[in-house]
Amino acid sequence: MKLITICLLLLSFGLQAQREYNVLPKWKKGDVRYAKHVASSTVSVNGEVIQSTDVTSNYTIKVLEIGEFYTLEFTQKSDQYDIDVSINDGSQDSMQVLMNELMSIISELSSEFKFKVLLDKENGQAFELLNSDEFIELVKEGSKAVFEEIVKFNNREKVDLDDRVNEYLEEVSPQMIETILNGLNYLFQCYTFVCEINGETSEEVMVHDINTLGAMGDTEVPAIVSVASTKRGSTLDILVDYQYDQTEFLKVIRNSSPDFSEMQTKDFILEEVQEFEFDMKSTWPNSSMSSVTFQMTFPDDSGMVRVEDFTTVVYSKTP
């Protein structure tokens with residue numbers, strides 16, 4: 001489980017430090033960066049790995065225009081998508097299988113599409129997909145067969161199937177677009193932090209899943225985020241630690257399944273840390289790393305599940 005997209009709140013518990021520094025983009029028109037995003041995930045039950053996933057994606061990001069906002073063009077291509085499942089216990093229902101297939105098709109279609117977005121200069125986050133209609137039409141044509149199966153799964157009448165597919169696509173399009181924006185914003189998380197040079201601050205935030213089409217997409221969890229920074233010449237190293245509200249996260253777990261209704265805060269662990277290396281001259285990130293660990297023991301002591309996610313991103317001026 002990856003809870004990574006940050007919505008900063010006003011409440012701050014900042015510590016005294018030497019100097020405040022806003023990590024903000026100050027890019028030039030025509031700037032180009034290439035980002036290699038590598039994500040690995042393992043799921044184990046009682047110490048035995050039952051699933052491992054490795055995804056490598058390559059982004060090309062170009063600054064097209066600079067005005068009130070930045071206009072960016074970016075492409076994303078997944079070079080590798082390997083899933084090894086050692087145990088298939090049939091726990092995934094048919095709808096989940098269909099949704100996974102849909103996401104796979106969307107990923108494939110996205111690899112050749114040039115997304116154009118508006119990005120806020122004040123927080124380095126993309127907020128509008130300018131060519132969303134074009135992309136949705138591409139998805140509609142490319143994944144029509146899966147949409148038809150989803151419509152049938154939801155017990156819709158067979159007549160006017162095109163209308164039903166259009167209706168469903170209209171329902172999921174906002175989440176689909178938000179997920180695309182979140183994927184780019186994940187690369188630019190360093191811009192969401194206010195650092196104290198060679199110091200540390202803490203803020204209360206709300207976090208939610210990057211994939212708004214996923215099971216956790218509509219759930220937010222409060223956390224205290226501590227941000228420490230160290231300056232090395234023109235390079236700023238940023239270390240971020242997340243302390244999630246255990247009580248609120250317990251509610252999320254209990255609501256996810258009736259099997260977890262008796263679970264207590266002592267039955268799970270959620271840890272997340274991030275590291276960023278930021279170039280203060282170019283105002284582009286050099287690299288980032290994220291590590292998330294979630295461990296849960298079932299209330300009846302029937303077993304333990306452990307999920308570990310590890311992600312790295314390396315940015316460069318050349319492919």
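Which far-off residues, 5 or more places away or on another chain, put their amide H under 5 Å from the one on residue 78, with H placed in the peptide plane?
Answer set, sorted by chain and number: 58.
Taking a label point 7 Å from the Cα of residue 28 along the Cα→Cβ vector, which residues of the range 257-288 have an amide N closer than 11 Å to it?
Only 282 fall inside the zone, counting backbone N under 11 Å.
Could you name the lysines whose alpha carbon sits less than 30 Å from that of residue 29, not counting residues in the same chain fewer than 8 places away?
In chain and number order, the partners are 62, 77, 114, 116, 121, 231, 281, 317.
Give me a comma-separated list of calculated 3J(HN,Hα) values for the range 182-198, in order, Karplus coefficients 6.51, -1.76, 1.60 applied at θ = phi - 60°, integers in Hz, x for any Gly or Pro.
Each residue of the range 182-198 in turn: 4, x, 5, 5, 4, 5, 10, 4, 4, 6, 8, 9, 9, 9, 10, 4, 6 Hz.
Among the aspartates and glutamates, which fall within straight-line cross-link reach of residue 26, defined as a Cα-Cα distance under 12 Å, with same-chain neighbours fewer than 8 residues apart omitted?
Counting by Cα, and skipping residues close in sequence, residue 26 has these aspartates and glutamates nearby: 120, 122, 279.
Compute the FRET efficiency between residue 120 and residue 53 as 1/(1 + (r/R0)^6), taking r as their Cβ-Cβ distance and R0 = 35 Å, and round to the nearest 0.05.
It comes to 0.65.
Counting other C-beta atoms within 10 Å, which of 116, 62, 281 has the fewest, and how do the rest follow?
281, 62, 116
Given H placed 1.01 Å from N in the peptide plane, which residues other than close sequence neighbours of residue 121 have an amide H under 5 Å from its amide H?
HN-HN under 5 Å from residue 121: 70.
For residue 317 and residue 252 in one chain, what is 0.36 nm times their gap in residues minus the Cα-Cα distance, to one decimal in nm?
In short, 19.3 nm is gained.
Residue 251: which lysines have alpha carbons under 23 Å from its alpha carbon, excluding same-chain residues fewer than 8 sequence positions away?
2, 266
Estimate the FRET efficiency between residue 107 and residue 310 by the formula 1/(1 + (r/R0)^6), using the beta-carbon distance for r and 25 Å for R0, to the nearest 0.05.
Approximately 0.80, to the nearest 0.05.
Tell me, what ³J(HN,Hα) does each residue in the range 273-290 have, in order and in whole Hz, if you take phi through Karplus 6.51 cos²θ - 1.76 cosθ + 1.60 with θ = phi - 60° and put x for Gly and Pro?
Working through the residues one at a time gives 9, 9, 10, 10, 10, 10, 8, 6, 7, 7, 6, 10, x, 8, 6, 8, 9, 9 Hz.
Could you go through the range 119-125 in sequence order and give the Karplus-derived ³J(HN,Hα) for each residue, using 6.51 cos²θ - 1.76 cosθ + 1.60 with θ = phi - 60°, rounded to whole Hz, and x for Gly and Pro?
Rounded to whole hertz, the list is 10, 6, 5, 7, 9, x, 10.
Rule-based calculations on the coordinates, nothing more; no lab input. The structure displayed is predicted, hence computed values, not measured ones. No Cβ is skipped: glycine too gets one built from the backbone with ideal geometry, and neighbour counts run over all protein chains shown.
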